[in-house]
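The values are calculated or read from the model by the stated rules, or taken from the named source; none is laboratory data. Since we're looking at a predicted model, the values are computed, not measured. Ideal geometry is used to build each Cβ from the backbone, glycine not excepted, and the neighbour counts take in all protein chains shown. Only protein heavy atoms, including side chains, enter the accessible area calculation; ligands, DNA and RNA are left aside. Shrake-Rupley method; radii C 1.70, N 1.55, O 1.52, S 1.80 Å.
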Amino acid sequence: EITGSAAKAAVYDIAFGYDELDAAAGPASTKIEGIVGTGSSTDTSEPAHDKSVGNAFDGDYSTFWATVEDGTLEEDYLIADLNGEYTINKVAYTKRHHETAGYNCTGNLLDYIIEVSTDGENWNQVADGETIDGTTVIEFEPVQAAFVRLRATRSYHWNDAMANTVMTVAELEVVEHV
């Protein structure tokens with residue numbers, strides 16, 4: 001268990017073969033479906049590898065979204081448009097995984113900030129902390145939101161000199177508190 005500002009995070013490894021968020025959600029929670037995403041940028045440098053924002057919400061842990069590697073991590077973000085207002089209390093961030101590198105993949109978040117909004121313009125921070133390999137389930141006090149924004153304050157890069165220059169997300173899931 002990891003603690004951050006007003007948050008509790010539990011880590012579930014996708015290698016166990018179950019839906020981490022459903023297992024962690026508990027009886028008073030429901031995963032929100034049909035989320036539409038917006039990213040600060042999308043890496044299109046390798047046309048053969050789709051890194052589009054939709055990959056972060058497709059339920060497929062083998063795909064991922066990536067920002068342009070341009071050294072502006074503080075400006076990078078991923079927004080989940082929930083298509084309506086919900087009371088939410090959990091967000092799950094799943095790191096990109098590679099068969100040979102494991103979770104040591106360029107752009108994986110090491111530290112994060114979760115913000116929420118009801119209008120997509122005014123944001124309130126509800127959690128921050130650090131991630132661990134697999135899926136980090138971030139819990140916070142129930143709050144009304146129509147949008148959730150994930151920001152990185154620190155990300156991995158195999159070349160230490162390039163750390164904090166890119167952000168990747170395999171999956172971002174949001175849980176409704178019912």
Residue-by-residue Karplus 3J(HN,Hα) for segment 69-82, coefficients 6.51, -1.76, 1.60, Hz, glycine and proline x: 7, 10, x, 10, 3, 5, 9, 7, 7, 10, 10, 9, 8, 7
Accessible-area order (highest first, 1.4 angstrom probe) of the listed residues D76, D58: D58, D76
Using a Förster distance of 41 Å, the FRET efficiency for D60-T87 (Cβ separation, nearest 0.05): 0.90
Accessible area, probe 1.4 Å, largest first, for residues E176, E85: E85, E176
Per-residue ³J(HN,Hα) for segment 148-163, Karplus 6.51 cos²θ - 1.76 cosθ + 1.60, θ = phi - 60°, Hz, x for Gly and Pro: 10, 10, 9, 10, 9, 10, 7, 9, 7, 8, 4, 9, 3, 5, 9, 4
Y61 - accessible surface, heavy atoms, 1.4 Å probe, Å² rounded to 10: 60 Å²
Pairwise label distance in nanometres, I132 with T38, each label 7 Å out on the Cα-Cβ vector: 3.5 nm
Amide hydrogen neighbours beyond the local backbone of N83, cut-off 5 Å, H modeled: V36
Semi-axis lengths (Å, descending) of the ellipsoid that matches the C-alpha gyration tensor of segment 48-99: 22, 16, 11
Two-site FRET efficiency, E46 against T72, from Cβ-Cβ distance with R₀ of 22 Å, rounded to 0.05: 0.65
Local net charge near E130, Cβ-Cβ under 11 Å (Lys/Arg +1, Asp/Glu -1): -1
Net charge contributed by nearby residues that have their C-beta within less than 10 Å of T63 (K/R +1, D/E -1): -2
Interchain or long-range residues, amide H under 5 Å from E171's placed H: T94
Computed lengthening from L110 to M162, 0.36 nm per intervening residue step minus Cα-Cα distance: 17.3 nm
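If you roll a 1.4 angstrom probe over the protein chains with everything in place, what fraction of the accessible area of segment 53-150 belongs to carbon and sulfur, to the nearest %?
Here carbon and sulfur together make up 41 percent of the probe-accessible area.
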For segment 137-157 versus segment 86-132, the gap between their alpha-carbon centres in whole angstrom: 5 Å
